[in-house]
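Read through the structure below, which is laid out as structure tokens, and then see the notes.
The values are calculated or read from the model by the stated rules, or taken from the named source; none is laboratory data. This structure is a prediction, so every number in the text was calculated from the model and none was measured. Glycine gets a Cβ as well: all are built from the backbone with ideal geometry, and neighbour counts include every protein chain shown.
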Amino acid sequence: MATSKIPMPALVPEGLLLGDDGRARCAWALKVPGFVDYHDKEWGFPVEDEHRLFEKICLEGFQSGLSWKTILDKRPAFREVFLDFDFEKVARFGEIDVHRLMSDARIVRHRGKIEATINNARRACEAVEVHGSLGALVWDYEPPPVAKVSNKIGHITSKTEHSARFAADLKKLGWRFFGPTTAYAFMQAMGLVNDHLEGCFVRKACEAVRTKFMRPLSTDVEAGF
């Protein structure tokens, strides 16, 4: 008597998971509720917008010691209280604003991180004066492309020599709460590197956008970072 064969599920490379739509994604996107849209539509796609770049620098600083889920859930409130991360406006915040933000339970009420955000807004204004845009400063730290992203568990990159240089240079310029690990998380999210794993359906989409992306150039010919 013939027996029907049960179809075997498609093999998914290590580090990936299949979503309900049948598409393979980086495993982290499916392990935390609410991460799929962030993974599919934001993480890894190149960003030039000044306010989004500044926002990410600030939110990565606020994440220190916390989960990205916590920060992502609070992002609408962060955008509201920091005026959509318009750094020219945030740069004018003073002690009254610090007290106001410290009393707002919708965000992370950490004085050092709040004061660092105001400080960094002033540094962003300086970057515009020197380079013409914050994007020109940031994108000068885009590393050369790597041949392949490892899918092996335990091989997750948290910082690189490029993120270390990025963080060190910004520290010299007076930026705060932006160390090598924070810098690399920023580089991953803003598309300076494409760390979607091999086999993740978003990886090719990110690379296609990166190929056409016009990197902002510095107006300071002597910058030479």
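Just one residue in the set Phe62, Phe78, Phe54 is over 27 Å from Lys204 (Cβ atoms), surrounded by 20 or more Cβ atoms within 10 Å (Cβ to Cβ), in contact with a Cys (Cβ under 8 Å, 6 or more places away or on another chain) and not charged (D, E, K, R); that residue is Phe78. Could you check, for segment 195-216, whether at least one of its residues is aliphatic (A, V, I, L, M), more than 17 Å from Lys56 (Cα to Cα), touching a strand residue (DSSP E or B) at 6+ places or on another chain (Cβ under 9 Å) and part of a helix (DSSP H, G or I)? Looking for residues that are aliphatic (A, V, I, L, M), more than 17 Å from Lys56 (Cα to Cα), touching a strand residue (DSSP E or B) at 6+ places or on another chain (Cβ under 9 Å) and part of a helix (DSSP H, G or I), one finds at least one in segment 195-216, hence yes. If you go through segment 131-152 one residue at a time, do you hit one that is at pLDDT 95 or above, over 20 Å from the mean Cα position of the chain (by Cα) and over 24 Å from Leu66 (Cβ atoms)? Checked against the condition, which is being at pLDDT 95 or above, over 20 Å from the mean Cα position of the chain (by Cα) and over 24 Å from Leu66 (Cβ atoms), segment 131-152 yields at least one hit. Scanning for something among the basic types (Lys, Arg), over 22 Å from Lys212 (Cα atoms), in contact with a helix residue (DSSP H, G or I) (Cβ under 8 Å, 6 or more places away or on another chain) and crowded, with 20+ Cβ neighbours inside 10 Å, does segment 120-128 turn up at least one residue? Yes. Can you name every residue in segment 24-78 that is of a type in the set (A, V, I, L, M), more than 11 Å from the chain's Cα centre (by Cα) and outside any helix (DSSP H, G or I)? Answer for segment 24-78, where residues must be of a type in the set (A, V, I, L, M), more than 11 Å from the chain's Cα centre (by Cα) and outside any helix (DSSP H, G or I): Ala24, Ala27, Val32, Leu66.
With respect to (1) in contact with a helix residue (DSSP H, G or I) (Cβ under 7 Å, 6 or more places away or on another chain); (2) at pLDDT 95 or above; (3) basic (Lys, Arg), the lone exception for Lys171 is condition (1). Tallying residues that are surrounded by fewer than 18 Cβ atoms within 10 Å (Cβ to Cβ) and modelled with pLDDT of 95 or more within segment 34-44 yields 5.
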